[in-house]
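Heads up: the structure comes next, in structure tokens.
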Amino acid sequence: MSRVSNYFRRFRKLLILLFFIGCVYFLTRRTGNAFAEDDTPLHPSRPDTTNVKEQPGLAQDVLAPQKSRLSDDDEVDEEDIEDDYYAALRPARLRNRPGVPVPPLDQGEALRDSDPLPQHVYRSNGLVEVNPEGRHPIYDLMERAEKEWNDKLQRQSMTLEDAVLEYKRRYARLPPPGFDRWWRYAQDHHIQLIDEYDKITESLEPFWGVDPLVLQEIQAEWETKPDIYTIGKARSFGAVQLLNMSVSEGIREMAEWRSQLQIDVIKEISMDLPPFRASFTAHDGPYQFWAHDVREAAISAAADERYIDYSQVPFQPYLGWASACPPGTPLHDDVWENHPNPADLHAARPKTFIRDHVKSMDPCIHNEAVHLSGFLSNHGKGPGPGTKVVPSFSMCATTLHSDILAVAPEQWTEYIEFDPPWEEKQNAQLFWRGSNTGAEYSHQTQWNISQRIRLIDQSMDQDGTYGVLLPTDRFTPVGSEVKKNGKLLAERFMNVSFVEGAIQCEDSVCDLLEQKYTFGEVVNHTIANQFKYMIDVDGNGWSARFKRLMTTRSCILKATTFPEWYADRIQPWLHYIPIKNDFSDLYDVMTFFQGSPDGDGSDGNDDLARIVGEEGRIWSKEFYRRVDMTAYMFRLYLEYARVMDVDRDYSGFQL
């Protein structure tokens, strides 16, 4: 027994000795490696970054393997950075970056030199001011647009519970009764951007500051005004129908047609709607023009959960269009006689592009708009403001107007005839054909600087010169503008014309128009779709052609004064190219995409224009369907019915 014990003791000593020898050997090898001069990385789990600069994309993969792109302000958790290892790998432009979110950059951009190009100036008025030392601003605008759109898509509610919470977070009240039925419709029809209905709240918020009994009286009176039709339902059961028609014989047929189009939009969900009466203007444009003080008083009262007293509304002096603007804004403080000269607008410096399309449409901020928009300039200095908040619907509105914004189903279509792929489109010019609508052509109006006239005039300018920014790559300063002859620019970039004959004009002005301008034949859509670029320019109101244009593979440019119902649900610079109403950026945009006007186009960005065309087409097919219009009107009528209800303070959807 003792012999066995001795064997065990010896064996244990041997194991201890072997363990000690192994530890010494391991420590020796580790110390030797610390001084080795071979190519083995010190941290085998981390990639060798010796040649990162020569390998595009590697820095991005190392820094953020879960992300496809880097931006100046992508969130980086400093706790995840071990000592200075990863910090050393990050390009200098990402170190100590500011906290303001900036859109994603492509792989090449992430590897820009350590000294980044200066930034452009992003103004609060919706424009970006060009810094000649920065890269071409359109690169930044397109990258920002992509990030903003992707972020918007990713943050949408996934469940009814989430949607209710998001609604309460945004609007500080419960959703309207029937919200669950609306949610079910949205889910059944794959409605995207489920939370993006801020435009509805913006339209209806002033009415929360008015006693609902007073609102009902105002609405009943409004039904009897000229050129108004009213649709709705008197009881909970039953379908939506035409309830009242107060229009002149000259437009009765049009009003009946438009009322039926509105009814058809909500036909399939009309049984799910509560009783309501919605009065529409029968015309193309908006109607409700309120004094700024009145609108703000109503919104303030709504925030305080009280009602405004109309007997206490102060006297409103006549300021024309400026009545709708806050004191201190350019239009409020402007002198009406300061009519702009289009040539001066083109020559204004520094150059600017649109960054926020809706803000750029605001005449309070951009006071030249009341002269450049035919719809606004038709009224001279502008009408006197209303002193009552009237619940009235229209298919479009400027930012000066307070109409409740409905969809415009007129001429909505998914059929676009033959539309070739981008590579097979035969013409790279900018295409537009249309009538001379958009203004009243008389000796008393400023029709000569209205939007469609100015577009044609710009294409006919043979003698003038325009300063344009030439294309540069993503890493080169855009530099200063280069003067180019108007004839050269027009011949290279423009294919625009009036068609058929002058309309909406006094006889003598019609004669003048037909002497000065060429009125060609209507061009069918099959031919129009051969153009890579098409522009949508305001007529009398909302755009009847925008849906059709966006369904093509062409790159669509848009200049407008009317933010329509889908303004929260589309992304400028990703789905279409926003153009300033004075067209001073038009040749810059075309030069960026098509290349120098006197070159062969090789320095242009045809590939980026193709992407805009394709993204716009996807948007049209996925976000501007008929069911998307139905979902918008479904939710709008639920909200409208509640705000008109005397029990509105006690009603709301709860889980």
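Placing a pseudo-label 7 Å from each Cα along the Cα-to-Cβ vector at Ile618 and Ala348 gives an inter-label distance of 3.5 nm.
Spin-label model, Ser300 to Met245: label points 7 Å out along the Cα-to-beta-carbon direction sit 4.4 nm apart. Legend: residue pairs Lys351/Lys381; Lys425/Lys516; Lys199/Lys381; Lys267/Lys388; Lys199/Lys359, Cα-Cα distance threshold 23 Å; pairs beyond threshold, Lys351/Lys381; Lys425/Lys516; Lys199/Lys381; Lys267/Lys388.
As a proxy for reagent exposure, ranking Leu193, Leu213, Leu488, Leu636 by other Cβ atoms within 10 Å from fewest up yields Leu213, Leu488, Leu193, Leu636.
Per-residue Karplus couplings for the range 517-532, computed as 6.51 cos²θ - 1.76 cosθ + 1.60 with θ equal to phi - 60°, are listed in order as 10, 8, 10, x, 7, 5, 9, 6, 5, 4, 6, 4, 6, 6, 8, 6 Hz, Gly and Pro entered as x. Computed over neighbours whose Cβ is under 12 Å from that of Pro286, the net charge equals -3, Lys and Arg +1, Asp and Glu -1.
Relative protection proxy for 612-624, 510-522, from highest mean packing down: 612-624, 510-522 (other beta-carbon atoms within 10 angstrom). The Cα center of the range 338-413 and the Cα center of the range 136-166 differ in position by 26 Å.
Working from label points 7 Å from Cα in the Cα-to-Cβ sense, the Arg155 to Arg252 distance is 5.2 nm.
With K and R counted +1 and D and E -1, the other residues having a Cβ less than 12 Å from that of Gly599 yield a net charge of -1. By the count of neighbouring beta-carbon atoms within 10 Å, fewest first, His575, His443 end up ordered His443, His575. By the count of other C-beta atoms within 10 Å, a proxy for reagent exposure, Glu146, Glu417, Glu423, Glu223 are ordered fewest to most as Glu423, Glu417, Glu223, Glu146.
Read the figures in this text as sums done on the coordinates, not as results from a lab. Since we're looking at a predicted model, the values are computed, not measured. Note that each Cβ is placed from the backbone with ideal geometry, even for glycine, and that neighbours are counted across all protein chains shown.
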